[in-house]
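A.B. asks: Have a look at this one before I ask anything.
Each value in this text was obtained by applying a stated rule to the coordinates, not by laboratory testing. In this text, all values refer to a predicted model and were calculated from it rather than measured experimentally. Note: ideal-geometry Cβ built from the backbone for every residue, glycine included; neighbour counts use all protein chains shown.
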Amino acid sequence: MQFSSNVAQLQPSATLALAARARQLKAEGVPVIDLSAGEPQYPAPRFAGQAAIDAIAAGKTGYPPTPGLPELRAAIAGYLEQTTASERVDPASVIVSAGVKQALFNCCYALFGPGDEVLIPAPFWPSYTTIVELAGATPVIVDTSWDEGFVTDVDRLETARTERTRGLFLNSPGNPTGAVYDLERLTAIMEWADRHGIWVLSDEIYRRIGFVDSVPSVYDVPVPDRTVLLDGVSKAFCMPGFRIGYAVGPAELIKKASDLQGQTTSGAVGPSQAAAAAALGMSEEREAFVSDLVSILSRLRRTGLAGLRDIDALDVRPPDGAIYFYVRLRDSSRSSMDVAEDLLREQAVASVPGEPFGSPGHLRFNFAVQPETLDEGIARLATHFNA
Ligand code: PMP
Ligand code: GLU
């Protein structure tokens, strides 16, 4: 079939494809341990689910306003005021979309186009490069290294900058590495970007899932005009199926993103927005939920790391945040794609290889699963690699 040039470069989402494959094998009766897609395998807050049910029961099933329900936009603004150093966030600077994925797409599509270059530190979440390409712009990969903790700095970014550089993606804590940018590094990068008129798109979907003293937001730094913060409820609130994400940025950009959304999806699902408004707006319940989740994840991280360290074939580094172990394969004679394939076929363990993240030679495991699932997964890895 002949498709348009719009999708000439389009790659399917590798993370979602692997999750679908694991699901298919499970349906066929294979006892798969699925550590592939990055989704917390824990239920959403009951009070959030109840808010969606209440919205439906109350007949609130009409089209929501395209940029989002006013109560959700206000709840997001309030949430940022309560959890970052920003004292005042205007709800008009917030747009609600169907997940961070759509929020990111809207902003990239509105900001970047042919001839524009967008810097993306690697390893990166695979949708970044694809979304930039769909906007017609060019992703420029800036490598980071294992030894330097997978974070970039102003010197490296300056080396990659050209007169066409229009944007930079930041993702802290990062998927897949769990790397966190500290305040000093973040401030230096923001100042550099501001000096050169570069938009910073800061994906903070894992900001509340930190295992270090602090995980700064771009809203902890004096926010330059060309800054977009992206976040949602898929990770820290265990609500990926609700499909709610948001972008916060200059009102003019948000208006353009809303115009785009008005011509594509008409906005995010109404009852899901009611659920997200409860999740973010009920501050006491919200903080209790996040704190319980982070305690659970800290325990999983600790036991998982102990198990992985007993496997000689893997180099392991403790993630500072997010929900992944990103391990390096000591034996470079086989690609990580092949090793992931072997693991699925021989041990029924689903992982994601490093290739789609722009860093071959690694494997990513989601540890936000039930403790017995993680234990069994690690036991199978040990059987596989220590054989
Ligand atoms: N950004 C990162 C770094 C992610 O890992 C994910 C995971 N799905 C997303 C964005 C998208 O999240 P969602 O569309 O579910 O909000
Ligand atoms: N972000 C998650 C992951 O990296 C979920 C899948 C996706 O949205 O790509 O696995």
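A.B. asks: Under 10 Å, Cα contacts only: if you run a Gaussian network model on the chain, which one of 118, 32, 212 comes out with the highest mean-square fluctuation?
C.D. replies: 212
A.B. asks: Name the residue from 32, 181, 270 whose Cα lies farthest towards the positive end of the charge dipole of the chain, charges +1 on Cβ of Lys and Arg and -1 on Cβ of Asp and Glu.
C.D. replies: Checking the options against the dipole of the chain, the answer is 270.
A.B. asks: Ignoring everything except DSSP H segments at least 4 long, calculate the 222 nm mean residue ellipticity for the chain; use -39,500 (n - 2.57) per segment, divide by total residues, nearest 500.
C.D. replies: Value at 222 nm, helices only, nearest 500: -13500 deg cm²/dmol.
A.B. asks: If you don't mind, another one. Can you compute the charge dipole magnitude of the stretch 216-290 about its Cα centre, using +1 on each Lys and Arg Cβ and -1 on each Asp and Glu Cβ, nothing else charged? Give it in debye, rounded to the nearest 20.
C.D. replies: Taking the Cα centre of the stretch 216-290 as origin, the dipole is about 280 debye.
A.B. asks: Pairs of Cα atoms under 8 Å, at least six residues apart: use those to get the relative contact order of the stretch 1-152, whole percent.
C.D. replies: Working: 128 pairs, mean separation 28.0, N = 152.
Relative contact order for the stretch 1-152 comes out at 18 percent.
A.B. asks: Using Cα pairs under 8 angstrom and six or more residues apart, how large is the relative contact order of the chain, in percent?
C.D. replies: Relative contact order comes out at 24 percent.
A.B. asks: Rounded to the nearest 0.05, what FRET efficiency do residue 81 and residue 212 have when you use their Cβ-Cβ distance and R0 = 25 Å?
C.D. replies: 0.60
A.B. asks: Let me spell out the model: positive unit charges on the Cβ of Lys and Arg, negative unit charges on the Cβ of Asp and Glu, origin at the Cα centre of the chain. What dipole size does that give, in debye rounded to 20?
C.D. replies: Approximately 840 debye in magnitude.
A.B. asks: Sticking with this one: Which distance in Å, rounded to a whole number, links the C-alpha centroids of the stretch 1-56 and the stretch 248-265?
C.D. replies: 26
A.B. asks: Now a separate question. By its C-alpha gyration tensor, with a ≥ b ≥ c as the square roots of the eigenvalues, how is the stretch 100-182 shaped: rounded for a/c under 1.5, else prolate for a/b larger than b/c, else oblate?
C.D. replies: Oblate, because a/c is 1.5 or more while a/b does not exceed b/c.
A.B. asks: Right, here's the next one. Which part of the stretch 341-364 falls in the paramagnetic zone of residue 41, meaning amide N under 15 Å from the point 7 Å along Cα-to-beta-carbon?
C.D. replies: Only 344, 348-352 pass the distance filter.
A.B. asks: Then there's this: Run the numbers for residue 264 and residue 187: contour at 0.36 nm per residue of separation, minus the present Cα-Cα distance, in nm.
C.D. replies: Length gained, residue 264 through residue 187: 24.2 nm.
A.B. asks: Using alpha carbon centroids, what distance separates the stretch 137-208 and the stretch 58-104, in Å?
C.D. replies: 25
A.B. asks: Once you order the gyration tensor axes a ≥ b ≥ c over the Cα atoms, which shape class does the stretch 332-371 get: rounded for a/c under 1.5, otherwise prolate or oblate by comparing a/b with b/c?
C.D. replies: Oblate, because a/c is 1.5 or more while a/b does not exceed b/c.
A.B. asks: As a footprinting exposure proxy, order 362, 196 by other Cβ within 10 Å, with the fewest listed first.
C.D. replies: Ordered by Cβ neighbours within 10 Å, fewest first: 196, 362.
A.B. asks: Continuing with this model, one more query. When the expected Rg is taken as 2.2 N^0.38 Å, what fraction or multiple of it is the alpha-carbon Rg of the stretch 15-126?
C.D. replies: Its radius of gyration relative to the 2.2 N^0.38 Å reference: 1.44.
A.B. asks: Quick one: if you stick a label point 7 Å off each Cα along the C-beta vector at residue 61 and residue 292, how many nm between them?
C.D. replies: 3.0
A.B. asks: Report relative contact order for the stretch 241-352 in percent, whole number only (criteria: Cα-Cα under 8 Å, sequence separation at least 6).
C.D. replies: 12
A.B. asks: Within the chain, which is the longest segment that contains none of the GluC sites (Glu not before Pro) sitting in a DSSP loop with at most 15 other Cβ atoms within 10 Å?
C.D. replies: Maximal segment without exposed cleavage sites: 164-387.
A.B. asks: Rank these for me by crowding, 199, 146, going from fewest to most other beta carbons within 10 Å. Intermediate values should be presented prior to the final figure.
C.D. replies: Details: 199 24, 146 15.
Ordered by Cβ neighbours within 10 Å, fewest first: 146, 199.
A.B. asks: Separate question: From zero up to wherever the largest Cα-Cα distance of the chain sits, split into 10 Å bins and tell me the percent of pairs in each.
C.D. replies: The calculated distribution, bin by bin, is 5, 23, 33, 27, 11, 1, 0.
A.B. asks: Straight-line reach from residue 255: which lysines have Cα under 28 Å away, leaving out those fewer than 8 places along the same chain?
C.D. replies: Reachable lysines: 60, 101, 235.
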